[in-house]
Amino acid sequence: MTDDILAAVADGVGHATLNRPKALNALSFAMLRELAGVMKAWVDDPEVGLVVLDGAGERGFSAGGDIRELRDFALEGRQEEAQAFFRAEYRLDDLIAEFPKPVVALMDGITMGGGIGLTGHATVRVVTERSRLAMPETRIGFTPDVGGSYLLSRAPGELGTYLGLNAATMDAADAIHAGFADVLVPSEHLGHLVQALAERADPGTPAEIVRLFDETPGQSRLALKRDWIDACYSASTVAGIIERLRALAAGERVGGVAAAESADPDAAANAASAADELEALSPTGLTFTLAAIRRARTLPELRDVFEQEFRLVTWFMRQHDLLEGIRAQVVDKDRNPKWSPASLAEVDAGLVQRVLTEAVAEPVWADRPAA
């Protein structure tokens, strides 16, 4: 065990804290294994009636997986270790989703990528006024995973498509509206909330206890954008989405929606900005992400989506764009990635479908047939 996971049991509450604040609690392979061990031990521990998950420091719950570690796996040809990392992560996320006791996740501050995997499938998902949630994978030439494509596929309308492709950031109101969170609790009350969970009279009602601290969020800016997002992001291809965004920004009516009539007062500017973002991102990452979200809508169970994501990430770990995206965003920080292929037209649509459906490594759950 390291100090990167802090775990304690008191008053019936198992409290697990990601304790790597200098790295914004980025999830290393060791942390995933340690937290999984803690959670498995708590399944049958009679002293644990519920679990609280949070992150150390003032900046956030977790910025996601340790992508520097994943980059090292890829550069050094350690594909089996990379696959073991993702299997461990997805099994932990699934353990939280299926946990037999309530899991209360506190998403105070930045919660992205792998952080969403740990919190987005919990029993009660708490955000604060400081919360900033995102699935930012397309910014590094990657694709949403950790069950993120499951959540994105089930967001209202095409909001999940927008959030996944553009790696857009949600505040508390947006996260609740999109189905990534349940309640807003002011950050100053989180300590009192944890105390109240420990002092609860009825161990079966943590959701009701959380709602004692709940505040009604303000208007979701994401919700205001839904009319033009639904109209533009319902296109069948990324190129089609960009074309619709450009048309809307130019004043044309798209899918019965005109920017001047939108609930979003800045619809034209926001649509143009969204198109600019898409044109700067990895054509491969975008094409695979759109296909993954659309297919995730048809998959019946979270585990089916995890398996699809595992097939994707196994493939991406061998591709140029992921390494180049990490280099540009995290290593050299020049924010100037050189994608290959460089255009959406060059991405092989047949390859996308093969990667989504054909296993190239032992699956996450060996006894589960491919969906």
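The values are calculated or read from the model by the stated rules, or taken from the named source; none is laboratory data. Since the model is a prediction, treat every value here as computed from it, not as a measurement. Virtual Cβ from ideal backbone geometry, glycine too; neighbours counted across all protein chains shown. These area figures cover heavy atoms from the full protein model, side chains too; ligands, DNA and RNA do not enter into them. Shrake-Rupley method; radii C 1.70, N 1.55, O 1.52, S 1.80 Å.
Evaluate Rg over Rh across the range 43-153, taking Cα atoms for both radii and Kirkwood's formula for Rh. Mind dumping the intermediate values first?
Working: Rg = 14.7 Å, Rh = 14.8 Å.
Result: Rg/Rh = 0.99.
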FRET efficiency, R354 to R294 (Cβ-Cβ, R0 22 Å, nearest 0.05): 0.90
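Translational D (Stokes-Einstein, µm²/s) of the range 82-241 at 25 °C and 0.890 mPa s when Rh comes from the Kirkwood sum over C-alpha pairs?
Values: Rh = 16.5 Å.
Approximately 149 µm²/s, per Stokes-Einstein.
Using 0.36 nm per residue of separation minus the Cα-Cα distance, give me the extension gain between L75 and S234 in nm, one decimal. Please report the intermediate quantities before stating the final value.
Working: separation 159, 0.36 × 159 = 57.24 nm, distance 3.67 nm.
In short, 53.6 nm is gained.
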Peptides 327-337, 43-53 ordered by average Cβ neighbours within 10 Å, highest first: 43-53, 327-337
Helix axis angle, 79-97 relative to the chain longest principal axis, alpha carbon, degrees: 60 degrees
Per-residue ³J(HN,Hα) for the range 326-331, Karplus 6.51 cos²θ - 1.76 cosθ + 1.60, θ = phi - 60°, Hz, x for Gly and Pro: 5, 4, 5, 8, 10, 8
Length added when fully stretched, L95-E243, from 0.36 nm per residue minus Cα-Cα: 49.2 nm
Table column - 3J(HN,Hα) (Hz), the range 110-117, Karplus curve with 6.51, -1.76, 1.60, x for Gly and Pro: 6, 9, 9, x, x, x, 5, x
Sequence ranges 159-167, 250-258, ranked by mean other-Cβ count within 10 angstrom, highest first: 159-167, 250-258
Highest average packing first - 341-352, 109-120, 293-304, Cβ atoms within 10 Å: 109-120, 293-304, 341-352
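Keeping all protein chains in place, calculate the accessible area per residue for the chain (probe 1.4 angstrom), answer in Å². Please report the intermediate quantities before stating the final value.
Working: 14940 Å² over 371 residues.
Heavy-atom SASA per residue in the chain reads 40 Å².
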With Cα atoms, 0 to 90° folded angle of helix 238-249 axis to the chain main axis: 80 degrees
Carbon and sulfur %, accessible surface of the range 210-339 computed with the full protein complex present, 1.4 Å: 48 percent
Pair W365, E261: separation of 7 Å Cα→Cβ label points (nm): 4.7 nm
Dipole of the range 95-201 [Lys/Arg +1, Asp/Glu -1 at C-beta], most positive-end residue of T119, L95, A167: L95
